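Student: Sharing a structure, written as structure tokens. Questions coming.
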Amino acid sequence: MRSFIGFVRKEAFHILRDKQTFWIMLLMPLVQVLLFGFAVRTDVYDIRLAIVDPAPGPASRALVEQFNASPRFRLMGVYASTAPLEVGFREGTFRQAIVLPSDLDRALVGRAPVPVELVTDAADPNTGSIMQAYASAILQRWHGEQVQRAGGVRLDVAARMRFNPTLASVNLFVPGLIALVLTMVSAMMTSISITREKETGTMEMLLVSPLHPWAIVVGKVVPYVVLGFANVLLVLGAAREVFGMPLRGSITLLLAESLLYILTALALGIVISTRADTQRTAMIAAMAGLLLPTLLLSGFIFPIDSMPAPLRVISNIVPARWFLIIVRGIMVKGAGITTLWQETVILAVQTLVLLVVGARRLAIRLE
Amino acid sequence: MTREAGGSAGDPRAVAAHAVEVRDFTKRFGQVTAVDGVSVDIAQGELFGFIGPDGAGKTTLFRTMVTLLVPDAGSVKVLGRDVVDDLWELRARVGYMPGRFSLYPDLSAMENLQFFASVFGTSVEAGMSIIEPIWRQLAPFAGRRAGALSGGMKQKLALCCALVHAPDILFLDEPTTGVDAVSRREFWDLLDRLRAGGLTIVVSTPYMDEAIRCDRVALMQKGKLLLVDTPQAIGDAYPRPLFAVRATDRLGTLGVLRRFPHAAAVWPFGEVVHYTDARAGMADASIIAELETFAGASGVDDLEVQAIDAGIEDAFMWHMMAQEGV
């Protein structure tokens with residue numbers, strides 16, 4: 001016990017005295033929340049729109065009004081022909097255009113489909129599809145009203161985006177950010193701090209002591225658990241205060257699951273440190289082997305459903321994937337352990353496997 | 001302190017006849033044989049030195065003795081315990097100071113000491129009686145970061161850290177490498193005091209002037225043990241007449257002496273050149289006369305030749321050359 005306290009104390013000194021790294025570790029998550037929150041938005045505003053209306057009438061005027069009323073669109077002009085579109089799109093004056101048929105009023109009362117063309121600048125495919133969805137929604141509503149006015153039957157589709165009605169992107173990235181930050185602090189920093197002892201030769205002194213390597217590792221990681229936990233609270237606090245992110249489920253459950261994921265990340269860091277002999281190797285391994293999968297294969301940025309089959313299979317072994325489902329479930333949907341137990345069990349099993357692998361590889365000697 | 005051999009292995013307080021027993025120890029790393037069939041016994045309470053240049057296999061031997069490496073062949077026993085089988089028991093009783101500076105530079109001297117005390121399950125207070133003579137010199141710098149200590153102070157702190165748990169045997173791998181001459185002497189004075197207290201100390205060094213301060217030394221070269229004896233005996237056993245040669249042109253003298261037909265070995269030694277004659281049993285005076293005549297013929301006329309007793313360095317050079325000649 002004395003050894004353990006001595007270890008934690010010493011490791012805390014290391015962390016606190018390396019001021020630069022300490023502040024980076026503590027503030028980086030905050031900066032990331034703000035960056036993701038303000039800069040990396042997936043909701044789109046100020047869409048520059050052109051409408052081509054060869055034969056203005058009441059129906060087309062209603063459409064123009066609807067787009068004018070939407071905060072997401074900026075109507076750049078209503079034109080009689082499609083001539084300005086080509087140049088406008090190329091120069092970026094327009095990002096979206098709606099081309100109405102010349103016989104709009106007649107077509108609306110007819111039985112044939114109304115040929116309305118929706119052109120979108122898809123240079124950035126994500127933004128493109130989002131813009132398209134916004135415009136389609138307005139077009140559909142407008143069409144419904146016009147058909148009703150013409151005496152037809154209006155199909156009333158009541159679309160509701162549940163859990164995130166405003167499609168706020170903060171709900172999407174905060175859970176991913178927590179996973180990312182914990183991977184960085186817990187896995188990368190522990191693997192670096194363990195390999196540092198190997199590199200500087202202090203591990204040689206520690207190995208000769210009667211302490212089992214396990215005690216050494218546990219003593220080393222405990223302060224990083226605390227640091228990781230502080231990071232979780234910081235990210236959650238910032239997301240709530242700055243972006244008004246909801247926390248619908250139990251905070252206790254959320255923190256408990258975070259603790260589980262911190263353990264997972266620590267186990268990953270231990271596995272890396274048993275293989276890497278230098279801090280540099282450990283860092284590269286953590287970057288390539290942990291950060292990238294956490295970023296790309298967890299569903300943080302790219303939806304898992306739209307990945308090719310092999311990547312979808314690989315994503316199953318990325319612990320962040322399960323942690324993400326859990327955090328989104330708790331924060332956004334208010335889900336409890338009864339719905340999230342499967343993911344929790346998967347994460348726990350992964351942690352256990354990693355710990356066993358790390359324990360088997362932990363050398364009691366220099367070779 | 002010493003007890004007769006044969007204490008049963010089950011008795012934890014059993015003291016083996018030898019503090020260290022190395023038998024035909026061989027260690028390979030890939031294609032390289034770092035230590036090649038070394039056998040040596042180190043007695044209880046002895047200050048024993050392994051002397052040899054870099055790459056002689058000293059560090060590999062030390063790491064094996066402190067349970068960090070496993071022999072490929074042969075056996076190594078410390079305090080009567082096998083370094084492979086009795087790993088955990090040995091680790092509590094062994095003190096070790098690795099060759100590389102192995103303290104935490106961002107922790108203060110006191111914090112380093114406290115940490116290593118806690119790692120060995122003890123406290124600085126409990127260990128103070130052992131480390132007091134060393135710590136006394138360090139105490140003024142207790143609050144200074146270890147990274148900001150001078151080389152000599154670092155070594156003393158490392159020694160404190162290796163001693164704080166009162167080990168039964170102390171292994172020091174090149175403790176004075178990279179330390180200034182004064183600090184080196186102080187360090188060896190400390191080792192003398194520890195030895196006087198009954199502690200067995202095994203030390204390695206590339207400096208031959210330090211070998212004289214050991215009870216016995218082992219000369220190591222290329223993984224092999226050349227000889228083991230007291231420093232005095234090693235010098236006495238020098239097999240040929242040895243002379244110190246002084247001249248203004250030291251470099252020229254070196255070349256001239258090497259051309260002398262009876263030269264067995266010639267090497268620079270500080271201000272002078274040490275010359276070993278190949279002929280045993282010749283009178284010193286006649287060799288000196290021959291040398292002066294030969295040198296005079298080669299243009300070196302201020303030669304001062306003096307017959308001397310071989311020191312351990314001469315012995316080591318001689319044995320090294322003999323091994324290389326094979």
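The values are calculated or read from the model by the stated rules, or taken from the named source; none is laboratory data. On a predicted model such as this, the values are computed, not experimentally measured, just so you know. So basically every Cβ, Gly included, is an ideal-geometry build from the backbone, and we count neighbours across all protein chains shown. To get the accessible areas, we keep the full protein, side chains included, count just its heavy atoms, and leave off ligands, DNA and RNA. Shrake-Rupley method; radii C 1.70, N 1.55, O 1.52, S 1.80 Å.
Student: Looking at B:127, B:147, B:143, B:151, can you tell me which residue is touching a residue at least 12 places away in the same chain (Cβ under 8 Å) and open to solvent by 50 Å² or more (accessible area, probe 1.4 Å)?
Tutor: B:143
Student: Here's something else I'd like to know. Residue check, residue A:215 against (1) small (Gly, Ala, Ser); (2) within 14 Å of chain B (Cβ to nearest Cβ); (3) surrounded by 20 or more Cβ atoms within 10 Å (Cβ to Cβ), all met but one. Which one?
Tutor: Failed condition: (3).
Student: For segment B:156-181, name all the residues that are at pLDDT below 90 and open to solvent by 10 Å² or more (accessible area, probe 1.4 Å). First the steps, then the outcome.
Tutor: Taking segment B:156-181 and keeping what is at pLDDT below 90, we get B:176-181.
B:177, B:178, B:179, B:180, B:181, listed by residue number.
Student: Let me ask something additional. Give the residue that is surrounded by the most Cβ atoms within 10 Å (Cβ to Cβ), with candidates limited to residues of segment B:88-102 that are more than 7 Å from every other protein chain (Cβ to nearest Cβ) and over 19 Å from the mean Cα position of the chain (by Cα).
Tutor: The extreme case among them is B:90.
Student: Within segment B:145-158, does at least one residue satisfy the condition of being away from every other protein chain (no Cβ under 13 Å) and within 28 Å of residue A:1 (Cα to Cα)?
Tutor: Yes, that holds for at least one residue.
Student: Same structure, new question: Please verify whether residue B:261 is open to solvent by 20 Å² or more (accessible area, probe 1.4 Å) and either part of a strand (DSSP E or B) or in contact (Cβ under 8 Å) with a residue 40 or more places away in the chain (or both), treating the condition exactly as stated. Talk me through it step by step, then tell me what you get.
Tutor: Working: open to solvent by 20 Å² or more (accessible area, probe 1.4 Å): yes; either part of a strand (DSSP E or B) or in contact (Cβ under 8 Å) with a residue 40 or more places away in the chain (or both): no.
When the stated conditions are applied, residue B:261 does not pass them.
Student: Only one of B:23, B:28 is in contact (Cβ under 8 Å) with a residue 12 or more places away in the chain, within 21 Å of residue A:363 (Cβ to Cβ), open to solvent by 40 Å² or more (accessible area, probe 1.4 Å) and not in a helix (DSSP H, G or I); which? Break it down into steps so the answer makes sense when it comes.
Tutor: On the way: B:23 fails: within 21 Å of residue A:363 (Cβ to Cβ).
Matching residue, one of B:23, B:28: B:28.
Student: OK, next. Taking the options B:304, B:292, B:324, name whichever one is open to solvent by 50 Å² or more (accessible area, probe 1.4 Å), out of contact with any helix residue (DSSP H, G or I) (no Cβ under 6 Å at 6 or more places or on another chain), charged (D, E, K, R) and under 30 Å from residue B:224 (Cα atoms).
Tutor: Result: B:324 is the single residue among B:304, B:292, B:324 that is open to solvent by 50 Å² or more (accessible area, probe 1.4 Å), out of contact with any helix residue (DSSP H, G or I) (no Cβ under 6 Å at 6 or more places or on another chain), charged (D, E, K, R) and under 30 Å from residue B:224 (Cα atoms).
Student: Would you be able to say whether some residue in segment B:60-73 is closer than 30 Å to residue B:312 by Cα, touching a residue at least 12 places away in the same chain (Cβ under 8 Å) and small (Gly, Ala, Ser)?
Tutor: Scanning segment B:60-73, I find no residue that is closer than 30 Å to residue B:312 by Cα, touching a residue at least 12 places away in the same chain (Cβ under 8 Å) and small (Gly, Ala, Ser), so the answer is no.
Student: Can I ask one more? Scan segment A:15-31 and report the pairs whose first residue is over 16 Å from residue A:220 (Cα atoms) and whose second residue is assigned to a helix (DSSP H, G or I) and open to solvent by less than 80 Å² (accessible area, probe 1.4 Å), with Cβ atoms within less than 6 Å and a gap of 6+ or a chain change.
Tutor: Between residues of segment A:15-31 that are over 16 Å from residue A:220 (Cα atoms) and residues that are assigned to a helix (DSSP H, G or I) and open to solvent by less than 80 Å² (accessible area, probe 1.4 Å), the close pairs are A:25/A:185; A:29/A:181; A:29/A:231; A:29/A:234; A:29/A:235; A:30/A:234; A:30/A:238.
Student: Checking the condition open to solvent by 70 Å² or more (accessible area, probe 1.4 Å) and modelled with pLDDT of 90 or more, which residue from A:322, A:341 passes?
Tutor: Sole residue among the options that is open to solvent by 70 Å² or more (accessible area, probe 1.4 Å) and modelled with pLDDT of 90 or more: A:341.
Student: Evaluate the following for residue B:57: is it buried (at least 21 other Cβ atoms within 10 Å of the Cβ) and out of contact with any helix residue (DSSP H, G or I) (no Cβ under 9 Å at 6 or more places or on another chain)?
Tutor: Values: buried (at least 21 other Cβ atoms within 10 Å of the Cβ): yes; out of contact with any helix residue (DSSP H, G or I) (no Cβ under 9 Å at 6 or more places or on another chain): yes.
Criteria met by residue B:57.
Student: Considering only residues of segment B:182-191 that are crowded, with 17+ Cβ neighbours inside 10 Å and of a type in the set (A, V, I, L, M), which is farthest from residue B:95 (Cα to Cα)?
Tutor: The extreme case among them is B:190.
Student: Now for a different question. Which residues, counting only those in segment B:62-75, are more than 13 Å from chain A (Cβ to nearest Cβ) and either among the β-branched types (Val, Ile, Thr) or under 22 Å from the mean Cα position of the chain (by Cα) (or both)? If you could, list the steps in order and put the result at the bottom.
Tutor: Within segment B:62-75, the first condition is being more than 13 Å from chain A (Cβ to nearest Cβ), and the residues that meet it are B:73-75.
Result: B:75, single match.
Student: Right, next: What pairs come up if the first residue lies in segment A:283-306 and is touching a residue at least 12 places away in the same chain (Cβ under 8 Å), the second is of a type in the set (D, E, K, R), and their beta carbons are under 8 Å apart, counting only those six or more places apart or on different chains?
Tutor: Partner pairs satisfying both residue conditions: A:285/A:275; A:297/A:321; A:298/A:321; A:299/A:321; A:304/A:312; A:304/A:321.
Student: Right, next: Between a first residue in segment A:230-253 that is touching a residue at least 24 places away in the same chain (Cβ under 8 Å) and a second residue that is surrounded by 14 or more Cβ atoms within 10 Å (Cβ to Cβ) and among the hydroxyl-bearing types (Ser, Thr, Tyr), which pairs have beta carbons less than 6 Å apart while being 6 or more apart in sequence or on different chains?
Tutor: Once the first residue is touching a residue at least 24 places away in the same chain (Cβ under 8 Å) and sits in segment A:230-253, its partners that are surrounded by 14 or more Cβ atoms within 10 Å (Cβ to Cβ) and among the hydroxyl-bearing types (Ser, Thr, Tyr) give A:232/A:258.
Student: Here's something else I'd like to know. Please state which of the following conditions residue B:114 fails to meet, knowing it meets all the rest: (1) open to solvent by less than 10 Å² (accessible area, probe 1.4 Å); (2) facing chain A (nearest Cβ under 9 Å).
Tutor: (1)
Student: Additional query: Is it the case that segment A:66-80 has a residue that's within 30 Å of residue A:177 (Cβ to Cβ) and without any contact (Cβ under 8 Å) to a residue 24 or more places away in the chain?
Tutor: no
Student: Here's a follow-up. Every residue in segment A:6-41 that is among the β-branched types (Val, Ile, Thr), modelled with pLDDT under 85 and open to solvent by 70 Å² or more (accessible area, probe 1.4 Å), please.
Tutor: Step one: list which residues in segment A:6-41 are among the β-branched types (Val, Ile, Thr), which gives A:8, A:15, A:21, A:24, A:31, A:33, A:40.
Those left that are additionally modelled with pLDDT under 85: A:33, A:40.
Selection gives A:40 alone.
Every residue, every condition in (1) part of a strand (DSSP E or B); (2) open to solvent by 20 Å² or more (accessible area, probe 1.4 Å), yes or no:
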position: B:219; (1), (2): yes, no
position: B:227; (1), (2): yes, yes
position: B:235; (1), (2): no, no
position: B:238; (1), (2): no, yes
position: B:244; (1), (2): yes, no
position: B:248; (1), (2): no, yes
position: B:252; (1), (2): no, yes
